[in-house]
1. Has the stretch 286-298 got at least one residue that is free of Cβ contacts under 8 Å to residues at least 24 places away in the same chain and either more than 16 Å from ligand 2 (Cβ to nearest atom) or among the charged types (D, E, K, R) (or both)?
2. Which helices (runs of 4 or more DSSP H) does the stretch 305-364 wholly contain that include 3 or more residues that are over 23 Å from ASP15 (Cβ atoms)?
3. Please go through the stretch 23-79 and pick out each residue that is within 25 Å of VAL142 (Cβ to Cβ), of a type outside the set (Ser, Thr, Tyr) and not in a helix (DSSP H, G or I).
4. Pairs only if they're at least six apart or on different chains, beta carbon under 8 angstrom, first in the stretch 217-231 and under 21 Å from ASP241 (Cβ atoms) and assigned to a helix (DSSP H, G or I), second open to solvent by less than 60 Å² (accessible area, probe 1.4 Å) and within 16 Å of ligand 2 (Cβ to nearest atom); list them, first residue then second.
5. Could you list, in sequence order, the residues of the stretch 17-52 that are free of Cβ contacts under 8 Å to residues at least 60 places away in the same chain, under 17 Å from the mean Cα position of the chain (by Cα) and over 15 Å from HIS296 (Cβ atoms)?
6. Do we have any residue at all in the stretch 259-279 that's touching a residue at least 12 places away in the same chain (Cβ under 8 Å), outside any loop (DSSP other than H, G, I, E, B), open to solvent by 20 Å² or more (accessible area, probe 1.4 Å) and within 24 Å of SER375 (Cα to Cα)?
7. Among the residues of the stretch 218-233, which ones are more than 13 Å from ligand 1 (Cβ to nearest atom) and either open to solvent by less than 10 Å² (accessible area, probe 1.4 Å) or within 19 Å of the chain's Cα centre (by Cα) (or both)?
8. Can you tell me which residue within the stretch 200-213, out of those that are surrounded by fewer than 18 Cβ atoms within 10 Å (Cβ to Cβ) and in contact (Cβ under 8 Å) with a residue 12 or more places away in the chain, is nearest to the chain's Cα centre (by Cα)?
Amino acid sequence: MATSNQTERIHKALDTFCIELPSWGFANTGTRFGKFIQASAATTTEEKLSDAGQVHRYTGCCPTVATHVLWDFPEGLRSTRQVMGWAEKSGVRIGAINPNVFQDQIYKHGSLGNPDPEIRQAALRHILDCLEIGKQTGSRDVSLWFADGSSFPGTASIRQRKKWFEEGLREVHAHLSAKQRMLVEYKPFEPYSYHMDLGDWGMALILSRVAGPQARVLVDTGHHYQAQNIEQIVAWLLSEDMLGGFHFNDRRYADDDLTLGSIDPYQVFRIFHEIIFFEWEADRRADIAYMIDQSHNLKNKIEEMIQTAVAAQELYAKAVLVDHEKLVRHQAKCELIDAEECLKQAFATDVRPALREWRRTKGLAEDPLQAFRESGYEERAARERGARNQGAVASYA
Ligand code: PSV
Ligand code: MN
């Protein structure tokens, strides 16, 4: 259990720790093989924001919701006010804006990397519309994920596509307001299986640098090869001042969208440790947007997001407990066991009592999951949305 001094450190850290929710985590989704419908899942943007509001209400650490423009702003710019109103009613704000340049038929062979200049232009126009939406919602970040790539060797010019991305991203950057940032996400596989234009953090870093000074790299923890050392990538991006944000989720095999920390909580701890260690050395906060990118169709969606937010708080709190002065001393003398123990001790500390106390001081329920379950929201949502969700099964079948 944490000492009173440690509890104080944890409370101070939790006061500023927020993690953004994904609107797409509240609607019925599935895998490529099937979709298992939940009667209470959100069927509209208003309902997604309402559900996200529940997560924030019980955890106190999720005040913003990332949106996917095509799915959440059906009328584009014209729906901005309405969407902001729904968010406000639910006690949350609109967070990162995610363009969608992967779903339309025209994007079969890519978006900004497509050989057809008209398609590249169409993708660019959509992204620029998203920048405008972001300006109206007051969102700072536009998160760019490109499903561009090829599935068979020799079918695409990798260098030419890189050039098209350089051109496109420079253009996007030129339209950012002084307050906006663009976050460039990478992924080594899926949907294409031979090459992805933005396949890893090095490619995202190069393209961000080419784009301009308000571009940063977005690390989605699910977008790495097995056994990749993600915290090293994080440490390098921090030292280059190029880490813009995270899409957190856990994985076992591929981009599985599993609950944060459900497979490897020590990895999440190590990522947070690199960040907090950097902040301690630099004596400043790293400007990082922490976001969740998970979409569940097995677990209940709101409960799962509460579970995720709490897991993030716990792992962050553990990382806060690493004794940096001691760690630096042991590292300098190559005292391996003592240095490693600095991390292991912190990771092994039970921070849950400190978290419960933090919630009490904030007027929150000590156990967010239980409080949500007792609220009756889930049952009400299932009654109100059940028929519409059944309809979704019918139309899907
Ligand atoms: C792609 O796998 C991704 O991680 C991107 O961030 C998308 O915006 C998100 O998932 C939802 O499709
Ligand atoms: Mn992502």
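The values are calculated or read from the model by the stated rules, or taken from the named source; none is laboratory data. Just so it is clear, the structure is predicted and the values come from calculations on it, not from any experiment. Neighbour counts run over all protein chains shown; Cβ positions are idealised from the backbone, glycine included. These accessible areas exclude ligands, DNA and RNA; they are computed on the full protein's heavy atoms, side chains included. Shrake-Rupley method; radii C 1.70, N 1.55, O 1.52, S 1.80 Å.
1. Just the residues of the stretch 286-298 that are free of Cβ contacts under 8 Å to residues at least 24 places away in the same chain, to begin with: none.
Checking the stretch 286-298: not a single residue is free of Cβ contacts under 8 Å to residues at least 24 places away in the same chain and either more than 16 Å from ligand 2 (Cβ to nearest atom) or among the charged types (D, E, K, R) (or both).
2. On the way: elements: 324-332, 336-348, 352-361.
Answer list for the stretch 305-364: 324-332, 336-348.
3. First, pick out the residues of the stretch 23-79 that are within 25 Å of VAL142 (Cβ to Cβ): 23-27, 29, 42, 44-53, 55-56, 61-79.
Restricting the remaining residues to those that are of a type outside the set (Ser, Thr, Tyr) gives 24-27, 42, 46-49, 51-53, 55-56, 61-63, 65-66, 68-78.
Within the stretch 23-79, PHE26, ALA27, ALA42, CYS61, CYS62, PRO63, VAL65, ALA66, HIS68, PHE73, PRO74, GLU75 qualify.
4. Final answer for the pair search is ILE230/VAL219; ILE230/THR221; ILE230/HIS224; ILE230/ILE271; GLU231/ILE271.
5. Within the stretch 17-52, just LEU49 meets the criteria.
6. no
7. Taking the stretch 218-233 as the starting set, the residues that turn out to be more than 13 Å from ligand 1 (Cβ to nearest atom) are 225-233.
Across the stretch 218-233, the qualifying residues are TYR225, GLN228, ASN229, ILE230, GLU231, GLN232, ILE233.
8. From the stretch 200-213, those surrounded by fewer than 18 Cβ atoms within 10 Å (Cβ to Cβ) are 200, 202, 206, 209-210, 212-213; that's our starting set.
Subset that is in contact (Cβ under 8 Å) with a residue 12 or more places away in the chain: 200, 209-210, 212.
Working: ASP200: 17, ARG209: 21, VAL210: 23, GLY212: 22 Å.
Applying the filter and picking the extreme gives ASP200.
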